[in-house]
């Protein structure tokens, strides 16, 4: 219990009588457990959930207890007072920050003696006002403008060019000149590389920048620094992805495969687990190797273990190497944290004539929900490994790679795909894409 914060009566009684003691003590112990397990949003929520008179029937009920409380600091009895008294009470200042205000102490005392929820809320609001008034000022830089580039990500094929717009929006009431300089890494170039924007009072100024890709695939970052005599401006960055059709490497945003004994170098599911490179190789998926499923030939990622090797779907638009007349589009991957239902979302297919179509991209969970489910969406199992890696070693559990094949319009040629921006459960990871 936080010093200076009152315990709920049920907590005090349970402590005095002991769990398993008198009937009232046992009921209070159950109430305490329920209070700790059920998320609480307001003091009113707590009051509404208490048994009549504090000593009614036991509170436990399957329709009320809803799992462990969220992580974070959680006082024994969740109450707004637990966030006022410890930090603002002169005699109970839990953080030793030296804060002391007689008005605040009086409000805390009145709040502790309040008989109704309405009275308590009145005092709590008063405490909020005083806390805001007593907060020390924060002195930071004076910002003249906000800056942005649109689009924020530019996808280019080697040797191709694209245009983005740089915009500065004034935060001041006077006209100004904003000078800017673009810094590009080796592999891409920007033209013009510098310039000046005339920004009207409370207005905007913009300029077009042409970005040209070099010959090498890769992910690059262009940084634009801006200066103004009116104040500071935060630099902006442009992400440039250069990729030949069919090359997924520049889009990799997750490391899903690790070397046995080095599980901490990858984290496919956000919980530290990853595929084993050795186990995948034994199942037929070696770095840079080929695998056939559903009549399509896939190339497994050649990235070294512990390096980015997959794409977690999030609306990325990716060029596809598809021959004219291709009738199928295939994906190698799996879902994570998707349960027995798997994960699915809308895939957009763009053809060279500018038309588009959509389809459902679905992937089954990579462990089939701890081997309690079956493949979904017509997924075909391409590889099965008997374990997966973790930071502390490995876990013995069947882990899978799936293929899903989607029919496409064979009278057209696919130019690119846009992965689902959102999925139904968990996340979808893609290791390879093929068309044929």
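None of the figures in this text is laboratory data; all of them are computed from the coordinates on show. Treat the numbers as computed from the prediction; the structure is a model and nothing was measured. Virtual Cβ from ideal backbone geometry, glycine too; neighbours counted across all protein chains shown.
For this structure, a couple of remarks:
- As a ratio to 2.2 N^0.38 Å, the alpha-carbon radius of gyration for the range 249-435 is 0.98.
- Projected-area average for the range 380-436 over all orientations - Cα convex hull basis, square nanometres: 5.9
- Chain lengthening between residue 397 and residue 100 when straightened (0.36 nm per residue, less Cα-Cα): 101.2 nm
- Relative exposure of 277, 111, judged by other C-beta atoms within 10 Å (fewest first): 111, 277
- Shape category assigned to the range 78-198 from the gyration tensor of Cα positions, a/c cut at 1.5: prolate
- Burial order of peptide ranges 284-292, 344-352 (average beta-carbon count within 10 Å, highest first): 344-352, 284-292
- For the range 249-435, share of DSSP beta bridges that run antiparallel, in % to the nearest 5: 95
- Burial ordering of 171, 332, fewest other beta-carbon atoms within 10 Å first: 171, 332
- By the equivalent-ellipsoid construction on the alpha carbon gyration tensor, the range 216-306 comes out with semi-axes of 37, 19, 9 Å, ordered largest to smallest.
- For the range 162-209 versus the range 358-392, the gap between their alpha-carbon centres in whole angstrom: 47
- Estimated distance in nm for a label pair at residue 227 and residue 253, the labels positioned 7 Å out from Cα along Cα-to-Cβ: 3.5
- The tail of the calculated P(r) for the range 145-242 beyond 20 Å holds 35 percent of all Cα-Cα pairs.
- Stokes-Einstein diffusion of the range 128-186 at 37 °C, 0.692 mPa s viscosity, Kirkwood radius from Cα pairs, rounded to a whole number: 206 µm²/s.
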